[in-house]
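Step one of this worksheet: look at the structure below.
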Amino acid sequence: METNDGVAATGDAAPDNAETSTPEIPAFAEVPEEVHGPLPVAELHLHIEGTLEPELIFALAERNGIQLPYADLDELRSRYEFTDLQSFLDLYYANMAVLRTEQDFADMTRAYLSRAALAGVRHAEIMLDPQAHLSRGVALETCVNGVASVLAVSEQEFGISTLLIAAFLRDLSEDSALEVLEQLLAMNAQIAGIGLDSAEVGHPPAKFQRLFSRAKDAGLHRIAHAGEEGPPSYIIDALDLLAVERIDHGIRCMEDPELVERLVHALTPLTVCPLSNVRLRAVDTLAEHPLPAMLAAGLNVSVNSDDPAYFGGYVDDNFAQLKSVIGLSEFDCVRMAANSIRSSFASEERKTEMLAELASSGH
Ligand SMILES: [Zn+2]
C-alpha cells in the first residue's frame, strides 16, 4: 500500500518557472518513520498482566502495602533473563501479587492503552487470566470490572477499540476453567471470547474440549495458544477438537508441511510474538525466527507483543527489530498489519475503517 502517485504528480508541476526552485516533496515511501507515525495495527495477542511494567509493580506494591522480594527496580529487572516459558511464568505470577483492587486492574489497563496508542495499536483484543487472580483471593468481579471499566472508554480516550478475552490456565483442570466460565456468564461479564494460555507442554488441547464447546454454545469467540513450545499436533488438535478461530503463536507449524498447507488454505490467523519467542528461548535469536519463512509460505501471520513489559517491547518495538535485525520489508510489515485487522473480531465496519487508515497511513 505504497501510495506515491499523487505526490509525484505535484513534484512535476509548474514547469514554466524553472528558476524559482520548487521545494522538493519526497514520495511517501521516502518520508521518515517519525513523519507518518507507527503502522496502524490490531493487537490480537496481549496478556494484560504482562503489561505490568516494573515501575507500576513498585507503585502498586507501595499503595497496597505489599513487601516485594526485590530491593529496587534494578534487582527486579535483573530477574528478566528467562531460560524457558516456565521461568517467565514463575516471575509473572509472583508479580501479580501487587494487583489487589479494581483500581489496580484499571491503572494497569490504562497504562497499556496509553503506551499501545503510541505503538500504533488501533484495536486490541486483551486477554485476562481470571484464575491467576482467583487463586490469590481476588474476586472475579474485581479483576474483570477493573479491566472492563477502562476498556469501556478506550475508544474515546485512546482511539483504541477493544475486546476482552478470558484466558484459562491450561496447567489447571478443565473443571476449574468451566467453573470460572460459568461464573463469567452468570455475571454477564463483557467478554468476547475465551483463550487458553500458560504452560503448554503436557497440557494438550484435548484436555479442554468441554470448555471450548461450552464457550461456542454461549456464542463466544475461541482462541488458544498452540505450537509455541508444544508440538505441531497441538495446533491440529486446537483446530479440530476446540474449533478455535485463531492460533496464538503457532510458529512450530513450520515443522509440518501438511499443516502449513492447511493453515494457508483456511487463512487461519497465527498471532506471532517475535520478541517473546526470543526471550523465552522458543527461538535462539531473532535472526533465526521463522517469521520470514512463514510469510513466504503464505501464512496469515500478524505481529503482537504478548507480555510486552517482560519481553523487551510493544508492537512498534517488535516491528522495529524485525526491520533492523531480519531486514523485514515495509511491504511485509503492511501486509501483517492488514492481516491483524482482518483477523480481529472487530465489526466489519471497524475493520473497514482501520484498513482505510492503514491504506492512507503513508506506509
Ligand atoms: Zn501469549
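The values are calculated or read from the model by the stated rules, or taken from the named source; none is laboratory data. These numbers were taken from a predicted model, which means no experiment stands behind them. Cβ atoms come from the backbone with ideal geometry, glycine included; neighbour counts cover every protein chain shown.
Among the residues of region 39-65, those that are out of contact with any Asp or Glu (no Cβ under 6 Å at 6 or more places or on another chain), away from the ligand (no atom under 16 Å from the Cβ) and not in a helix (DSSP H, G or I) comprise L39, V41, E53, N64, G65.
Within region 234-271, being closer than 20 Å to A337 by Cα and in a loop (DSSP other than H, G, I, E, B) holds for E245, G250, L267, T268. Scanning region 270-294 for residues that are β-branched (V, I, T) and buried (at least 20 other Cβ atoms within 10 Å of the Cβ), which turns out farthest from L44 (Cα to Cα)? Per the criteria, the residue is V278. In the set (1) under 22 Å from H47 (Cα atoms); (2) surrounded by 19 or more Cβ atoms within 10 Å (Cβ to Cβ), the condition left unmet by L328 is number (1).
Among the helices (runs of 4 or more DSSP H) confined wholly to region 77-166, which include 1 or more residues that are at pLDDT below 95? Give the derivation first.
On the way: elements: 85-95, 102-118, 130-134, 140-151, 154-158.
It comes to 85-95.
For region 103-157, a residue qualifies if it is away from the ligand (no atom under 16 Å from the Cβ) and among the aromatic types (F, W, Y), and exactly one does: F105. Scanning for something among the acidic types (D, E), within 16 Å of the ligand (Cβ to nearest atom), under 29 Å from D107 (Cα atoms) and surrounded by fewer than 22 Cβ atoms within 10 Å (Cβ to Cβ), does region 158-180 turn up at least one residue? Yes. In region 281-330, of all residues being in contact (Cβ under 8 Å) with a residue 40 or more places away in the chain and of a type in the set (D, E), the one that is nearest to L263 (Cα to Cα) corresponds to D306.
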